[in-house]
Amino acid sequence: MFATLSPFDGTDLSPVTATPAGDLPSLVEGARIAAASWADLDVALRVDALAKLEQRLLSRAEEIASLVRLEVGKPLEEAALAEVLPNADLVRYWCDAIEELLLPTLVDPDPLSYPGKRGHVVRAPRGVVALITPWNYPIAIPLRTIVPALLAGNAVVFKPSEVTPRAGALIASLFEGLVPAGVLTVIQGGADLGRALVLSNVDAVVFTGSVPTGRAIAVACAERFIPCSLELGGKDAAIVLADCDVERTANGLVWGAFTNAGQNCAAIERVYVVEAIAEKLIARVVALTNALSSSDTGRMTTTAQHAKAKAHLDSALEAGAKVLTEGSPDADGRTFPPTVLRIEGTSADSLVMTEETFGPLLPIQVVADENEAIRLTNASRYALTTSIWTKKTRHAQALATRLRSGVVTINNHAFTAALAATPWTGVGDTGTGVTNGPHCLTSLTRPRLILVDTNSASRELWWYPYTPALRTVAFAMAVVRGGGGFFARVAALAKLVPALVKRLFFRG
Ligand code: NAD
């Protein structure tokens, strides 16, 4: 199984053995057993174990980048810059941060109402976390969950995409000898195995992938009452204002749209440029795009993705859009030149502006002003990241608060996925998942309160028996705490004190 051809050079890739679905229950059970002793370890020991990953990633940089190029078809530079270096940063960040992030928080209730009580809330690991990932960033996306999940004391059962199983196997090899058997289990298979994993005895699911798969997983998790984190598709917009730095903006748009051949959830798939700067900006974007070589933009990873991008292009052209750049998609199903489109006619309502393309198309729509740009940006059912390009950064920060997106960058796009400390998240059909940053611990851990009561009284005020004195205490307390005016409060206090004495000292 998985003896696929490389999108990079068409060579036969070594076959990968699929995991039989029947093995899943025992693998998940093994993970559960491993998780128990892994969670018992002091967090400092888990940090010691995983810190070594940073050096392993860096010393195997060429091997990792070469494999990603073969399996995904992306340029070697991009593979190194997106799949190796940020992962080393990720390991460093989590190893530095996790002990503090897992510190218990003190619970110290009001001693008059709750005498002698003190507790703490800990972040308990979920147990066994199922991780299911796509093919476009086959090293970086899985590690973003595996590293914090393991540090937090979970075991992970990880199913990489069937398009990039070798990258999944490489991840397993990176952890060899660092964690006990069963703490990280890599299983190989397609949709059926993913479905079976979600339905197995796991405690949480972290998923990155398409909207339909995310929806199916959300339903399955809801049935089982287990949490799921969903990072789904995107249709990122870039808003270009009249005072932008044209050179930087044009370079940023071209990279943001065409890196990884546009097969990026946060690729720029819509540009809204205000009229005043539109012609200048478009001319520069077109010139920069025509100057790209095939080694800059990589290949389409799957023929299905090629066909989808072609269908979006065709529907835009039929609706009146104009192609501004050179070249046309090749019949080989892998080559797709970076294509800049001018949105005209009814093409603003065509697939290329409304549905995720996940390919190297950059449609540009001229708008009257920033208000129109924001309205159109927010009209999408997706909302992952949005960028605003302007020199007036203070003004842009105010505009950012009017955008639905999970991430807003001003004068840059998408690169924050590489910042381990910042949340990567969306709204709407992009899903509600969070990876990166402390907020991702909400999916990977659950709060557990442990409270100690040192009150030596034989009973609490609110325990049985329920008596008239207790009733007086309850209602007088409500008035004293603000449920009545000044005189009512004085009167309530006069009732409260004797009722309390009766209740506490004379078993009333
Ligand atoms: P996909 O949904 O087809 O597959 C993703 C993974 O889910 C694969 O491992 C696949 O085997 C598995 N799977 C498929 N059906 C399943 C099911 N019913 N139950 C459980 N698992 C199942 O997505 P893809 O084509 O691999 O990836 C492209 C999509 O991923 C795009 O929509 C892209 O935007 C999205 N993506 C999102 C982010 C983000 O951070 N928001 C990042 C990268 C990619």
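Under a straight-distance cross-link criterion of Cα-Cα below 15 Å, which aspartates and glutamates are reachable from residue 495, leaving out those fewer than 8 residues away in the same chain?
Partners found: none.
Taking only DSSP H segments of four or more residues, each worth -39500 (n - 2.57), what value at 222 nm results for the chain once the sum is divided by all its residues, to the nearest 500 deg cm²/dmol?
Mean residue ellipticity, 222 nm, calculated: -13500 deg cm²/dmol.
Using alpha-carbon pairs under 8 Å, 6+ residues apart, how would you state the relative contact order of the chain in percent?
Across the chain, relative contact order equals 16 percent.
Please give the solvent-accessible surface of residue 38 in Å², to the nearest 10, using a probe radius of 1.4 Å with every protein chain present.
For residue 38, solvent-accessible area is about 10 Å².
Using 1/(1 + (r/R0)^6) with R0 = 41 angstrom and r between the beta carbons of residue 459 and residue 391, what's the FRET efficiency to the nearest 0.05?
FRET efficiency, residue 459 to residue 391: 0.05.
Amide H neighbours of residue 188 under 5 Å, counting only residues 5+ apart in sequence or on other chains, H built in-plane at 1.01 Å?
Under 5 Å from the amide H of residue 188 lie the amide H atoms of 19, each far enough along the sequence or on another chain.
Please give, to one decimal in nm, the separation of the simple spin-label points placed at residue 419 and residue 9, each 7 Å out from Cα toward the Cβ.
That separation, rounded to one decimal, is 3.8 nm.
Could you tell me which of 230, 10, 333 has its Cα farthest along the dipole of the chain towards the positive end, charges placed at Cβ (Lys, Arg +1; Asp, Glu -1), taken about the Cα centre?
Result: 230, furthest along the dipole toward the positive end.
Using the charge dipole of segment 234-307 (Lys, Arg: +1 at Cβ; Asp, Glu: -1 at Cβ; taken about the Cα centre), state which of 306, 261, 290 has its Cα farthest towards the positive end.
With unit charges placed on the Cβ atoms, the residue in question is 306.
Counting Lys and Arg as +1 and Asp and Glu as -1, each charge on the Cβ, what is the dipole of the chain about the Cα centre in debye, to the nearest 20?
So the magnitude is around 2680 debye.
Using only Cα atoms, find the angle between the long axis of helix 165-175 and the longest principal axis of the chain, and express it within 0 to 90 degrees, rounded to the nearest 10.
Around 50 degrees separate the two axes.
Roll a 1.4 angstrom probe over the protein heavy atoms and tell me the percent of accessible area of the chain that is carbon or sulfur.
Carbon-and-sulfur percentage of accessible area, whole number: 59.
For the modelled label position 7 Å from the Cα of residue 371 along Cα-to-Cβ, which residues of segment 386-410 have backbone nitrogen atoms closer than 19 Å?
395-404
Would you calculate the separation in nanometres between label points at residue 220 and residue 48, each defined as 7 Å from the Cα along the Cα-to-beta-carbon direction?
Taking the two extended label points, one gets 3.8 nm.
What nm distance separates the two modelled labels at residue 330 and residue 311, each placed 7 Å from Cα along Cα→Cβ?
A separation of 2.3 nm, rounded to one decimal place.
Just the accessible area per residue of the chain, please: how many Å² with a 1.4 Å probe?
On the way: 22350 Å² over 508 residues.
Result: 44 Å² per residue.
Can you give me the Rg/Rh ratio for segment 1-95, using Cα atoms for both radii and the Kirkwood formula for Rh?
1.08
Holding the Cα-Cα limit at 25 Å, pick out from 74/159; 280/310; 74/392; 280/391 the pairs that are longer than that. Display every interim value, and only then the final one.
Values: 74/159 22 Å; 280/310 28 Å; 74/392 35 Å; 280/391 16 Å.
Over 25 Å apart, Cα to Cα: 280/310; 74/392.
Which whole-angstrom value gives the distance between the alpha carbon centres of segment 145-195 and segment 430-481?
Each part reduced to its Cα centre gives a spacing of 38 Å.
How would the chain be classified by its alpha-carbon gyration tensor: rounded, prolate or oblate, with rounded meaning a/c under 1.5 and the a/b versus b/c comparison settling the rest?
Oblate shape, in that a/c is at least 1.5 and b/c is the bigger or equal ratio.
Quick one: angle between helix 61-72 and the longest Cα principal axis of the chain, in degrees between 0 and 90, rounded to 10, please.
In the chain, helix 61-72 runs at an angle near 70 degrees to the longest axis.
So what J values fall out for segment 89-99 if you push phi through Karplus, 6.51 cos²θ - 1.76 cosθ + 1.60 with θ = phi - 60°, rounded to Hz, Gly and Pro as x?
4, 4, 4, 4, 4, 5, 5, 6, 8, 5, 4
Using a Förster distance of 25 Å, how high is the FRET efficiency between residue 303 and residue 81, based on the Cβ-Cβ distance and rounded to 0.05?
Once rounded, the FRET efficiency stands at 0.40.
The values are calculated or read from the model by the stated rules, or taken from the named source; none is laboratory data. Remember, it's a predicted structure, so these values are computed and weren't measured experimentally. Backbone-built Cβ (ideal geometry, glycine too); neighbour counts: all protein chains shown. The protein model used for the area step is the full one, side chains on, heavy atoms only, and it has no ligands, DNA or RNA in it. Shrake-Rupley method; radii C 1.70, N 1.55, O 1.52, S 1.80 Å.
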